[in-house]
Amino acid sequence: MHPTNNRIADIIPEVREWRQWLHRNPELLFDLPKTSRYIADRLKEIGVDEIHENIAETGIIAVIHGSAAGPTVGLRADMDALPIEEASDAEHASQSPGKMHACGHDGHSAMLLGAAKYLTETRNFAGKAVLIFQPAEEGGVGAKAMLDTGIFDKLGIDEVYGMHNMPNLPIGHFGICEGPTLAATDFFYVEIEGVGGHASRPHKCVDPLVAANAIYNGFQSIITRNSDPMKNGLISITALQAGEANNVIPQTATLKGTVRNLHEDTRDTIERRMHEIVEGVAKCYGVRADLTYDRLCPVTFNHSDQFGHAAEAAVQVVGEANVDREQPARLGGEDFSYMLQENPGAIIFVGNGETAGLHHPEYDFNDEALPYGIAFWAKIVEDRLPLRN
């Protein structure tokens with residue numbers, strides 16, 4: 001099924017309109033009233049067989065029945081935007097100050113709507129296609145929230161597939177890798193309290209900045225001296241906040257940042273050592289220090305069989321030469337990982353061309369990618385749910 005498939009080509013102008021409407025109207029996390037209403041209205045116009053709304057607040061699930069009975073395959077797209085001020089000059093730029101679709105979720109949702117239209121019209125498969133429109137991928141762990149409702153078990157999903165756009169991967173190309181694909185994503189916060197006072201009398205104070213500096217350096221040593229170098233991770237301290245005046249030793253200091261890795265045992269080592277370092281520094285410098293370590297998303301792991309199925313579907317869309325089966329794993333996070341813990345599946349990347357990077361204020365999803373994403377979704381359903389003569 002090449003993306004120039006006549007039916008897919010015919011619907012692209014409409015799908016482009018959907019995508020650009022979504023881009024103009026970005027919403028955040030679970031607070032997606034306009035987005036979810038718009039998507040539900042399009043699904044009703046398309047004529048899918050079932051629509052389940054308000055899943056995990058604003059999530060939507062659409063079910064399309066094939067021409068015969070069979071298994072159930074899930075397809076997932078995310079819907080939420082980011083709290084970023086858009087800096088593009090696109091005619092369809094965000095109309096909501098401080099919010100924009102800087103990660104392409106507008107394109108993901110539009111491609112899945114396009115697939116809904118194609119699959120509803122053709123029904124060239126045996127079983128059920130379950131289309132999952134997810135809220136709160138950007139830090140809200142909306143995938144887990146949807147799973148926690150039990151709807152996946154109720155619908156009997158056997159496999160689940162995801163797709164994300166990739167800037168600087170050419171249009172008409174796909175990338176995928178087997179096994180660990182995207183990183184476990186954790187956030188941490190360290191609160192340090194000492195004794196503040198006048199900077200001219202440091203001996204009467206307990207300086208939290210000295211302890212913060214020791215914790216900062218201690219955290220960096222975890223990667224070089226405690227984790228397996230063949231299964232390394234990343235610790236990024238992204239904020240150190242303390243004090244305001246030149247002549248005052250502050251009472252408190254705060255560190256925060258993120259941990260990324262592709263192996264759960266590395267993740268465990270990093271968290272354990274961070275707690276030990278914070279406790280040890282607190283005793284050494286006479287401060288109170290508390291670490292909060294939040295595990296947001298596990299490693300996104302492409303299952304072997306489904307990795308193969310997704311790669312083959314992509315090959316049928318764009319040809320072997322345009323599918324990279326050894327796309328390097330990345331340290332970005334993705335809560336689709338929770339769905340892959342519950343069901344075998346895989347996530348694939350579709351080329352977005354030479355565009356600004358994800359989460360950049362000048363980023364825009366490339367509408368030239370639409371036919372390739374729709375064709376991939378259609379092919380994965382028809383391949384995994386084949387009609388038997």
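For beta carbons closer than 9 Å, sequence separation of 6+ or different chains, a first residue in segment 231-250 that is more than 30 Å from THR266 (Cα to Cα) and assigned by TED's automatic domain parsing to the domain that holds SER200 and a second that is hydroxyl-bearing (Ser, Thr, Tyr) and assigned to a strand (DSSP E or B), the qualifying pairs are ALA242/THR252; ALA242/THR254; GLY243/THR252.
Of all residues in segment 332-363, which are surrounded by fewer than 24 Cβ atoms within 10 Å (Cβ to Cβ), among the acidic types (Asp, Glu) and not in a helix (DSSP H, G or I)? If the condition is that a residue be surrounded by fewer than 24 Cβ atoms within 10 Å (Cβ to Cβ), among the acidic types (Asp, Glu) and not in a helix (DSSP H, G or I), then GLU334, GLU354, GLU362 are the ones that fit.
Within the option set GLU17, GLU85, being touching a residue at least 60 places away in the same chain (Cβ under 8 Å) and either surrounded by fewer than 22 Cβ atoms within 10 Å (Cβ to Cβ) or outside any helix (DSSP H, G or I) (or both) holds for one residue only, GLU85. Can LYS154 be described as out of contact with any Lys or Arg (no Cβ under 7 Å at 6 or more places or on another chain), free of Cβ contacts under 8 Å to residues at least 24 places away in the same chain and assigned to a helix (DSSP H, G or I)? In short, yes.
Being farther than 23 Å from THR355 by Cα and acidic (Asp, Glu) is the filter here; which residues of segment 117-175 pass it? Those that are farther than 23 Å from THR355 by Cα and acidic (Asp, Glu): GLU121, ASP148, ASP153, ASP158, GLU159.
Of all the listed residues (GLY257, GLY308, GLY286), the sole one being within 23 Å of the chain's Cα centre (by Cα) and outside the structural domain of ILE347 (by TED's automatic domain parsing) is GLY257. Among the candidates GLU53, GLU121, the residue that is of a type outside the set (A, V, I, L, M, F, W, C) and without any contact (Cβ under 8 Å) to a residue 24 or more places away in the chain is uniquely GLU53.
Among the residues of segment 20-55, just one is buried (at least 16 other Cβ atoms within 10 Å of the Cβ) and acidic (Asp, Glu), namely GLU27. For CYS103, the criteria (1) within 24 Å of TRP377 (Cα to Cα); (2) touching a helix residue (DSSP H, G or I) at 6+ places or on another chain (Cβ under 6 Å) hold in every case but one, which is (2).
Count of segment 210-265 residues, restricted to those that are in contact with a strand residue (DSSP E or B) (Cβ under 7 Å, 6 or more places away or on another chain), assigned to a helix (DSSP H, G or I) and modelled with pLDDT of 95 or more, is 6.
Could you run through segment 301-343 and say how many residues are basic (Lys, Arg) and either under 17 Å from LEU262 (Cα atoms) or modelled with pLDDT under 95 (or both)?
Number of matching residues: 1.
Tell me, yes or no, whether segment 293-303 has at least one residue that is under 21 Å from the mean Cα position of the chain (by Cα), surrounded by fewer than 19 Cβ atoms within 10 Å (Cβ to Cβ), of a type in the set (Ser, Thr, Tyr) and within 28 Å of LEU209 (Cα to Cα).
Taking every residue of segment 293-303 in turn, at least one turns out to be under 21 Å from the mean Cα position of the chain (by Cα), surrounded by fewer than 19 Cβ atoms within 10 Å (Cβ to Cβ), of a type in the set (Ser, Thr, Tyr) and within 28 Å of LEU209 (Cα to Cα).
Does at least one position in segment 157-168 carry a residue that is outside any loop (DSSP other than H, G, I, E, B), of a type in the set (S, T, N, Q) and out of contact with any Gly (no Cβ under 6 Å at 6 or more places or on another chain)? Checked against the condition, which is being outside any loop (DSSP other than H, G, I, E, B), of a type in the set (S, T, N, Q) and out of contact with any Gly (no Cβ under 6 Å at 6 or more places or on another chain), segment 157-168 yields no hits at all.
The values are calculated or read from the model by the stated rules, or taken from the named source; none is laboratory data. The structure displayed is predicted, hence computed values, not measured ones. Glycine gets a Cβ as well: all are built from the backbone with ideal geometry, and neighbour counts include every protein chain shown.
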